[in-house]
Structure formats: structure tokens, C-alpha cells
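Can you read through this structure? Questions will come right after.
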Amino acid sequence: MSQLAGKKILILATHGFEQSELDVPHAELKKAGATVEIVSPEAGEIKGWKDKDWGTPVKVDRSLDQVKADDYDAIVLPGGQMNPDTLRGNDKALALIKAFYDGGKVVAAVCHGPWLLIDTGIAKGRKLTSWPSIRQDLVNAGAQWEDREVVNDKGIVTSRKPDDLKAFVTKIIEEVQEGRHQRQAA
């Protein structure tokens, strides 16, 4: 039996996501048996960022307006600079992330993705990691920043960079298997 059979995971992204930080979790979580949907404020396709240029377009399964946290077990927030910076200005995206958190569901963010944990109030009082350049942003928001490939704080899973994706996905799988997490409201 698959590790995540019957589980549903949402990947929230927009244009400028770090290509590997969407592609690898998408493929590996599906391989583990989960249904994985890419959700974006835009319909159609979104384009990633790879190295120093635009990456490969990815099909959007559902628009942000078509989803609610109750229908999923986890949310994954890829990084890249543009993607989370754009999403942090979208109230519907922030409300969706917050609903996952408030529901005790897994919230996973990599690279610059933890910026979204600042704007939702989730970062305060949490152990987190990220791409080094946003470390001070997280510390200023009240997080305890750690320089490790993956950090888990009651189902809030964070990772630093593409090189850490194997550990990131492994921890997401473990946390989804564990189920809902008890934590205080952000």
C-alpha cells in the first residue's frame, strides 16, 4: 500500500516558483500515493524559474477560488523569490495557508516560501529554516531560525534550498501520515 494513499496535497504557486521546488515535491508526493494538485491565483499554466531564466510551464489544476483547506491534508509552498513575494500580497492565498494551519494540517515551505509564514502570523514562536537571505525576516517576525536541511515544528515543515528537497519531501510524508497537529492559533 502506498504511504499516502487517500491523502490529498495542495501545492500553492504562481509565476516565478523555483522549478525544482515545485516539480520534485509534486512528483515524489504523487509517487508516495497522494493526490497532488497545483493551485494558483491564475488559471491555465504558470511558469517556473530555473537557474537564471524562465523554466518549464506547469499546468494549474485548480484556481485559488476553487479550493478550501478542508479538502486537503497538507499545503506545500515552493520558493523562488518571485513566487512567494507575489503570493504574500494575495489575501486569498494568505487566508488559505492560515486555514491549513488553523486546521492542524501540514504546512510545508521551502527556500523563500517561509515568507508566507510571516504574513500569515505562523512564523512567530516557531522553529523554522529558509533560504539564508530571508533569515533575518523570519527572526524579526519572531521565529527561531535554524540552519538545517529540514526543520519541523508541530507539522510546520521548512527547508532551505533545492539540495534539501529529499529531506523536505520525506518529512512532509511523515507529517501527513501522522495526521492533524495540535498547535495554538497564529
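Values quoted throughout were computed directly from the atomic coordinates according to the rules given, and no laboratory measurement underlies them. Note that the structure is a prediction, hence the values are computed from the model and not measured. Ideal geometry is used to build each Cβ from the backbone, glycine not excepted, and the neighbour counts take in all protein chains shown.
Extending each Cα 7 Å along its Cβ direction at Trp54 and Gln3, get the distance between those two points in nm, one decimal.
Each label point lies 7 Å from its Cα, and together they span 3.4 nm.
Any of Lys105/Lys154; Lys8/Lys166; Lys7/Lys154 with alpha carbons more than 21 Å apart? Name them for me.
Check vs 21 Å cut-off fails for no pair.
For region 87-104, what does the Karplus curve 6.51 cos²θ - 1.76 cosθ + 1.60, with θ = phi - 60°, yield as ³J(HN,Hα) per residue in whole Hz, taken in order and with x for Gly and Pro?
Karplus-based 3J(HN,Hα) across region 87-104 equals 5, 5, x, 10, 4, 5, 5, 5, 5, 5, 4, 4, 5, 4, 4, 4, x, x Hz.
Just for region 8-178, what percent of DSSP beta bridges are antiparallel, to the closest 5?
Of all bridge pairs located within region 8-178, approximately 30 percent are antiparallel.
Going highest first, how would you order 46-54, 18-26 by mean Cβ packing within 10 Å?
For the peptides 46-54, 18-26, the packing ranking is 18-26, 46-54.
Would you grab the residues whose amide H sits under 5 Å from the one on Trp145? Only those 5+ places off in sequence or on another chain, please, with H modelled 1.01 Å from N.
Leu128
Mind listing the Cα extents of region 69-175 along all three principal axes, in Å, largest one first?
Per principal axis, max minus min of the Cα coordinates gives 32, 29, 25 Å.
Related question: Just report the Cα centroid separation between region 49-121 and region 1-33, whole Å.
Using only Cα atoms, the two centres lie 12 Å from each other.
Please list, in chain and number order, the residues 5+ apart from Trp49 or on another chain whose amide H is under 5 Å from its amide H, with Hs placed from the backbone.
Correct list: Gly16, Phe17, Glu18, Gln19, Gly55.
Place +1 on the Cβ of every Lys and Arg and -1 on the Cβ of every Asp and Glu in region 8-178, take the dipole about the Cα centre, and give the residue among Gly121, Val24, Tyr72 whose Cα lies farthest towards its positive end.
My answer, from the dipole projection, is Gly121.
Collect residues whose amide H, placed 1.01 Å from N in the peptide plane, falls under 5 Å from the amide H of Val67; neighbours closer than 5 in sequence don't count.
none
From the phi of every residue in region 129-146, what ³J(HN,Hα) in whole Hz does the Karplus formula 6.51 cos²θ - 1.76 cosθ + 1.60 yield, where θ is phi - 60° and glycine or proline is x?
9, 5, 4, x, 5, 9, 3, 5, 4, 5, 4, 4, 8, x, 7, 9, 7, 10
Over the chain, what is the relative contact order in percent, taking alpha-carbon pairs closer than 8 angstrom and at least six residues apart?
Here the relative contact order equals 20 percent.
Moving to a separate point now. Ordered by residue, what ³J(HN,Hα) values in Hz, to whole numbers, does region 45-54 give under the Karplus form 6.51 cos²θ - 1.76 cosθ + 1.60, where θ = phi - 60° and Gly and Pro are x?
Karplus-based 3J(HN,Hα) across region 45-54 equals 9, 10, 10, x, 10, 10, 6, 10, 7, 5 Hz.
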